[in-house]
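Input: a single structure, listed below in structure tokens.
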Amino acid sequence: MTTKKTTEEFRVNGEELLGKVKELIKAGNVRKIIIKDKTGKELIVIPVTAGVVLAVLAPVLAAVGAIAALVTECTIVVEKEVEESKK
């Protein structure tokens, strides 16, 4: 099997941001999370490596919480690796 990188975008408001980022990290197949403001400017890029536990990401999640307090709406861009089966 091979892996293919895909991206997804989610529009969330500030109060939902931290919960959505935690949910994405727990999913396990996420490789990078980019948070952008409503104009498209990147606010933070979070590389997520395999085997990372939320305790290790605590400082990053604190930064995401601070961003959530400052923005009204934002976009989360998620890079994932998806396994493809050969046919």
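The values are calculated or read from the model by the stated rules, or taken from the named source; none is laboratory data. Keep in mind that this is a model prediction, so the values were computed, not measured. Surface areas here come from the heavy atoms of the whole protein model, side chains and all, with no ligands, DNA or RNA. Shrake-Rupley method; radii C 1.70, N 1.55, O 1.52, S 1.80 Å.
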(message) Which one, THR39, THR72, THR49, has the greatest fluctuation when you compute a Gaussian network model over the chain with C-alpha springs under 10 angstrom?
(response) THR39
(message) Please compute the per residue accessible area over region 1-52 with all protein chains in place, 1.4 Å probe, rounded to a whole number of Å².
(response) 66
(request) Arrange the residues LEU70, LEU18 by how much accessible surface each exposes, largest first, with a 1.4 angstrom probe. (result) LEU70, LEU18
(request) List, in order, the whole-Hz ³J(HN,Hα) value for each residue of region 32-39 obtained from phi through the Karplus relation with A = 6.51, B = -1.76, C = 1.60 and θ = phi - 60°; use x for Gly and Pro. (result) 8, 10, 10, 10, 10, 7, 5, 8
(message) Cut-off 10 angstrom, C-alpha nodes, Gaussian network model of the chain. Which of ILE33, ILE44, ILE76 fluctuates the most?
(response) ILE44
(message) What Kirkwood Rh does the chain have if only Cα atoms enter the pairwise 1/r average? Answer in Å.
(response) 13.4
(request) Calculate one ³J(HN,Hα) per residue across region 4-17 by plugging θ = phi - 60° into the Karplus curve 6.51 cos²θ - 1.76 cosθ + 1.60, and present them in order as whole Hz with x for glycine and proline. (result) 10, 7, 10, 10, 9, 10, 10, 9, 9, 8, x, 5, 8, 4
